1. Would you kindly work out, in nm and rounded to one decimal, the distances from the label point of B:THR97 to those of the same position in each other copy, ordered shortest first, with label points 7 Å along Cα-to-Cβ?
2. Ranking request for peptides B:131-141, A:122-132: highest mean number of other beta-carbon atoms within 10 Å first, then the rest in descending order.
3. Roughly how crowded by other chains is peptide A:3-11, in terms of the mean Cβ count from those chains within 10 Å of each of its Cβ atoms?
4. Among bridges DSSP assigns within the stretch A:6-139, what percent are antiparallel (round to 5)?
5. Scaled to the compact-protein estimate 2.2 N^0.38 Å, what is the alpha-carbon radius of gyration of the stretch B:6-139, rounded to two decimal places?
6. Using the number of other C-beta atoms within 10 angstrom as an exposure proxy, rank B:THR26, A:THR59 with the fewest first.
7. Work through the residues other than A:PRO35 whose Cβ is under 12 Å from its Cβ and net out their charges, Lys, Arg +1 and Asp, Glu -1.
8. May I ask you to list the GluC sites (Glu not before Pro) in the stretch B:40-84 that are in a DSSP loop and have at most 14 other Cβ atoms within 10 Å of their Cβ?
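Readers should treat all values here as calculations from the given coordinates under stated rules, not as data from a laboratory. Here the structure is a predicted model, which is why all the values come from computation and not from measurement. Backbone-built Cβ (ideal geometry, glycine too); neighbour counts: all protein chains shown.
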Protein chains: 2
Amino acid sequence: MKLGRLNHVGVAVPDMDAAISFYRDTMGAEVITEPFDMPEQGVKVCFVDTPGLDGSWGTQVELLSPLSEESPVAGFLAKNPLGGQHHLCFEVPDIDTARSEFEAMDKRILGPTRIGAHGTPIFFVHPKDMNGILTEIMETPKAHG
Amino acid sequence: MKLGRLNHVGVAVPDMDAAISFYRDTMGAEVITEPFDMPEQGVKVCFVDTPGLDGSWGTQVELLSPLSEESPVAGFLAKNPLGGQHHLCFEVPDIDTARSEFEAMDKRILGPTRIGAHGTPIFFVHPKDMNGILTEIMETPKAHG
């Protein structure tokens, strides 16, 4: 595959409202989306925009908090109560081609390809096959979101 | 402060050569710098470029491997033998202003401001004061590096 844009860094947070205040007041983020639930992933999600070069879109910080104790993010927070970096998400032009390439490399893909928080198809690859990093592969969104 | 560009995601790796092969062959990165030593930080460093929007510079992945057992990255790898996400680095226009702002917010800054891998001044802020994320603040480089 050809490495695409780093769409976002996924960050687990124990308290979504406190995390939004942190990125707004401490870090000075100017564009933060309204949080929304993704029940099929067991998480509440919110995106913090960072500026790209020359004012273009930059890589986002995706804040994730668990909707229940069964959420994968709840397990992460049990080990990291303050929160921390959870995954990296890279864009690809075509999700099916990327999935076939990862399968051909014997990378363990976690579950089916599904629609992610940006409305385009995504899948996750196991951190043990990705240098210890849970990696999301996302088909490039048609618009910024 | 005003949130600047996400300059890079710092990633700890146990084997620099293997990590470079992974980003080149598995992930399809096309621009990877030669690794170089930063003895004062105790690390070997290498940058993987990811594309920004419309071909501009994107956020880099900074690969870090320890130069000795005393390196902070060695401690991280002892807990995460496969490697993993180590820190986030955000740009600011002026490092002294940013340092004063973080000090005024009672954030614990780790050591003096020093010259980082891109040749501009940087400092690190303690993860316990930053939602569990070790955070590097970097004065925006004059050129891509």
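1. Distances to the matching label points in the other copies: 4.3 nm.
2. Order by mean packing, descending: B:131-141, A:122-132.
3. 6
4. About 70 percent, rounded to the nearest 5.
5. 1.06
6. Listed from fewest to most nearby Cβ atoms, that is B:THR26, A:THR59.
7. That works out to -4.
8. Counting only loop positions with at most 14 other Cβ atoms within 10 Å, the GluC sites (Glu not before Pro) in the stretch B:40-84 are B:GLU40, B:GLU69, B:GLU70.
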